[in-house]
Amino acid sequence: MKKILLIAMAILAICLFMGCENDKAENENIPTKPSNMTEGDELSDIIVVYFSATNNTRTAAEYIAKELHCGLFEIVPTQKYTKEDLDWQAENSRVNKEHDNPNILPEMQRMVPELSVYKTLIIGYPIWYGEAPSIMRSFLKNAAPIPNGLTVIPFCTSHSSPMGNSAKNLFKDVKNINLQEGKRFELEPSQEEVAEWVKSLNLK
Ligand SMILES: Cc1cc2nc3c(=O)[nH]c(=O)nc-3n(C[C@H](O)[C@H](O)[C@H](O)COP(=O)(O)O)c2cc1C
């Protein structure tokens, strides 16, 4: 009986330890490596930062990081968006409230990475109401000051809207950056399409 109790306690301790380690990884502001890189591989001076509520933008972001062998940082809201939150047809949904009130800056779960070590920021988001979601402004606020001379390449996914002025509007108060033409992908971008765009950027 004593032995069983000891084994149960050991299992509990391991679970608690692993839970803490996972929380730690989620809260660190260190970019992750794409799955085609190993521990020892050096990351490049490019970083891909993205927000994705329903995984479309995540797919594109992961393909980009794989192509460029660069770090990947996900903007995770402290309060994740539920299906109800994302219902733009419901008058009082979270997304509608955020859209109607530019003072709402959704809180981010993690600190942002130090951008001064990068030459290029590739930044992705879904188009919401023709623009970047409010949490992208939270990212910019937390990342301030954005380093002078940083090259910023935006990308987005959307149902049908173009990227339009969403990136220009998002970065309108950020001075001295080199904001480039962006790319809009459809809901489920293919690896080939993303790879072709990345190649056209001539970043390697
Ligand atoms: C609140 C909200 C607003 C949206 N507004 C637009 C829009 O204006 N134009 C459009 O083409 N798609 C719009 N969409 C669709 C998203 O842009 C599209 O599903 C996107 O790929 C989602 O990316 P994600 O899976 O990375 O979150 C909207 C979706 C939501 C939830």
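Things worth noting here:
- I104 being closer than 20 Å to V48 by Cα, modelled with pLDDT of 95 or more and away from the ligand (no atom under 11 Å from the Cβ): no
So that you can scan it fast, the table gives a plain yes or no per residue for (1) in contact with a Pro (Cβ under 7 Å, 6 or more places away or on another chain); (2) part of a loop (DSSP other than H, G, I, E, B); (3) not polar (S, T, N, Q):
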site	(1), (2), (3)
E98	yes, no, yes
P102	no, yes, yes
S116	yes, no, no
Y125	yes, no, yes
P154	no, no, yes
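- Some residue of the range 76-89 being in contact (Cβ under 8 Å) with a residue 24 or more places away in the chain and within 25 Å of V194 (Cα to Cα): yes
- Of everything in the range 107-130 that is at negative phi and small (G, A, S), the residue that is modelled with the highest pLDDT is G124.
- The residue of the range 155-177 that is farthest from the ligand (Cβ to nearest atom), among those that are surrounded by 18 or more Cβ atoms within 10 Å (Cβ to Cβ) and not small (G, A, S), is F171.
- Among (1) β-branched (V, I, T); (2) surrounded by fewer than 15 Cβ atoms within 10 Å (Cβ to Cβ); (3) not in a loop (DSSP other than H, G, I, E, B), the one test that T54 misses: (3)
- Looking only at residues in the range 114-150 that are more than 16 Å from the ligand (Cβ to nearest atom) and of a type in the set (S, T, Y), the one that is nearest to N96 (Cα to Cα) is T120.
Residue by residue, here is whether (1) within 13 Å of the chain's Cα centre (by Cα); (2) modelled with pLDDT of 85 or more; (3) more than 30 Å from P106 (Cβ to Cβ) holds:
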| position | (1), (2), (3) |
| --- | --- |
| A10 | no, no, yes |
| I14 | no, no, yes |
| M18 | no, no, no |
| N22 | no, no, no |
| N27 | no, no, no |
| P31 | yes, yes, no |
| F51 | yes, yes, no |
| N55 | yes, yes, no |
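- Residue count for the range 38-50 satisfying the condition of being more than 15 Å from K119 (Cα to Cα) and buried (at least 18 other Cβ atoms within 10 Å of the Cβ): 1.
The values are calculated or read from the model by the stated rules, or taken from the named source; none is laboratory data. None of the values given here were measured: they were computed from a predicted structure. No Cβ is skipped: glycine too gets one built from the backbone with ideal geometry, and neighbour counts run over all protein chains shown.
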